[in-house]
Amino acid sequence: QAKDRGKNTYQFYSNNLDGISTWKMKMENWLRRAMEQNQMTLHYQPQFDLGTGKIVGVEALIRWYHPEYGYIAPSEFIPLAEETGLIVPLGKWILREACEQRKAWCDAGFSDFPIAVNVSVRQFQDEYIIEFISDMLEEVGLEANYLELEITESLMQNLENSTIILNQLKSLGVLLSVDDFGTGYSSLSYLKHLPIDKIKIDKSFVDDIIYHTNQGMMVKTIIDMGVNLKFTVIAEGIETEEQVKFLTQNACQIGQGYYYSKPLSAEKLEKFLLEGKGHTQA
Ligand code: C2E
Ligand code: MG
Ligand code: MG
Ligand code: MG
């Protein structure tokens with residue numbers, strides 16, 4: 001009897017593990033096919049100077065429309081892509097696509113804001129990432145200061161040689177920003193020792209800055225310290241006018257969120273740019 005139970009237990013776990021790995025393999029295959037069949041696109045969310053209302057940046061965000069299953073959110077497949085290592089080729093595609101789009105916008109006269117691309121820690125474990133970015137920029141014909149890499153605090157915690165890598169990236173001339181700031185454990189004074197240009201205050205802090213005094217104080221402190229340490233401070237996930245008011249009053253420089261614009265297709269963003277904001281030609 002004990003033997004049977006043992007066997008059942010074994011089978012239960014075995015089936016369960018099979019289930020998980022089958023699902024992962026399926027998803028992995030979908031991901032591969034999605035990349036081959038151009039099911040992925042980038043959308044672009046503008047960032048605004050809170051003082052002048054001008055577009056001062058654009059963040060590229062990946063979008064996946066599966067022919068059968070429809071829209072699949074990045075939060076559902078980016079973690080799997082990271083786990084399987086597929087984020088390395090996918091991330092290269094994203095970087096090149098974003099840079100090609102930025103180059104096209106440069107050629108069209110939209111010439112004074114960078115394009116921000118999210119980069120996962122896993123992508124920096126590829127020893128050729130610096131070389132890839134350098135070569136790719138040259139092939140695309142885009143100046144490095146038009147590319148901004150959004151990294152997370154976990155990069156500093158989980159990558160042994162993170163300081164070296166960040167310095168190498170900086171020497172290429174790209175901009176570096178810390179995404180989702182406040183959700184990890186790094187302090188601004190620690191980041192000051194790294195070649196970081198911008199910090200993005202995480203949406204969770206921006207969400208209830210008005211109604212919860214503590215949250216408001218927290219955001220105010222991050223902005224004050226950030227500005228004093230010469231970082232450009234961006235607030236993400238702005239949805240209301242009250243948030244804009246609070247952030248402007250507290251000298252936050254840049255804002256991004258549905259209040260201004262959702263992420264848009266390249267064509268729609270271009271219309272947005274042509275309607276005035278961000279265009280540098282007369
Ligand atoms: P993130 O980089 O922090 O991007 C901000 C997320 O908040 C985006 O979600 C954006 O669409 C959403 N957002 C912006 N403004 C608002 C707002 O006012 N309200 C609300 N509710 N949401 C807002 P998305 O596109 O679903 O991406 C989620 C996360 O997935 C990103 O967080 C990023 O970590 C990751 N991700 C997206 N695209 C890429 C990519 O190309 N590469 C990598 N490695 N990660 C990506
Ligand atoms: Mg981001
Ligand atoms: Mg973010
Ligand atoms: Mg976030």
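The values are calculated or read from the model by the stated rules, or taken from the named source; none is laboratory data. Here the structure is a predicted model, which is why all the values come from computation and not from measurement. Cβ: placed from backbone, ideal geometry, glycine included. Neighbour counts: every protein chain shown.
Within the stretch 150-174, track down each residue that is within 15 Å of ligand 1 (Cβ to nearest atom), among the β-branched types (Val, Ile, Thr) and modelled with pLDDT of 95 or more.
Ile151
Please pick out the residue among Pro89, Pro79, Pro67 that is surrounded by fewer than 16 Cβ atoms within 10 Å (Cβ to Cβ), modelled with pLDDT under 95 and within 16 Å of ligand 4 (Cβ to nearest atom).
Working: Pro89 fails: within 16 Å of ligand 4 (Cβ to nearest atom); Pro67 fails: within 16 Å of ligand 4 (Cβ to nearest atom).
Unique residue meeting the criteria: Pro79.
When you scan the stretch 209-259, how many residues do you find that are in a loop (DSSP other than H, G, I, E, B) and within 18 Å of the chain's Cα centre (by Cα)?
5
Name the one entry in Leu172, Leu90, Leu142 that is within 24 Å of Gln47 (Cβ to Cβ), under 15 Å from the mean Cα position of the chain (by Cα) and in contact (Cβ under 8 Å) with a residue 24 or more places away in the chain.
On inspection, the qualifying residue turns out to be Leu90.
Is it true that some residue in the stretch 108-120 is in a helix (DSSP H, G or I) and among the aliphatic types (A, V, I, L, M)?
Looking through the stretch 108-120, none of the residues is in a helix (DSSP H, G or I) and among the aliphatic types (A, V, I, L, M).
Tell me the residue from Ile201, Ile196 that is over 24 Å from Tyr258 (Cβ atoms), surrounded by 17 or more Cβ atoms within 10 Å (Cβ to Cβ) and modelled with pLDDT of 95 or more, please. Don't jump to the end; show me each part of the working.
Values: Ile201 fails: over 24 Å from Tyr258 (Cβ atoms).
The conditions single out Ile196.
Counting only residues that are outside any strand (DSSP E or B) and within 14 Å of ligand 1 (Cβ to nearest atom), which one in the stretch 175-192 is nearest to Ile234 (Cα to Cα)?
It comes out as Gly182.
Out of all the residues in the stretch 187-216, which are more than 16 Å from ligand 3 (Cβ to nearest atom) and under 30 Å from Asn167 (Cα atoms)?
Correct list: Ser187, Leu188, Ser189, Tyr190, Lys192, His193, Leu194, Pro195.
Of the conditions (1) among the hydroxyl-bearing types (Ser, Thr, Tyr); (2) without any contact (Cβ under 8 Å) to a residue 40 or more places away in the chain; (3) within 15 Å of Gly173 (Cβ to Cβ), Thr152 fails just one. Which one is it?
Every listed condition holds for Thr152 apart from (3).
So which of Asp202, Asp197, Asp179 is in contact with a Lys or Arg (Cβ under 8 Å, 6 or more places away or on another chain) and either under 22 Å from Gly255 (Cβ atoms) or β-branched (Val, Ile, Thr) (or both)?
Asp179
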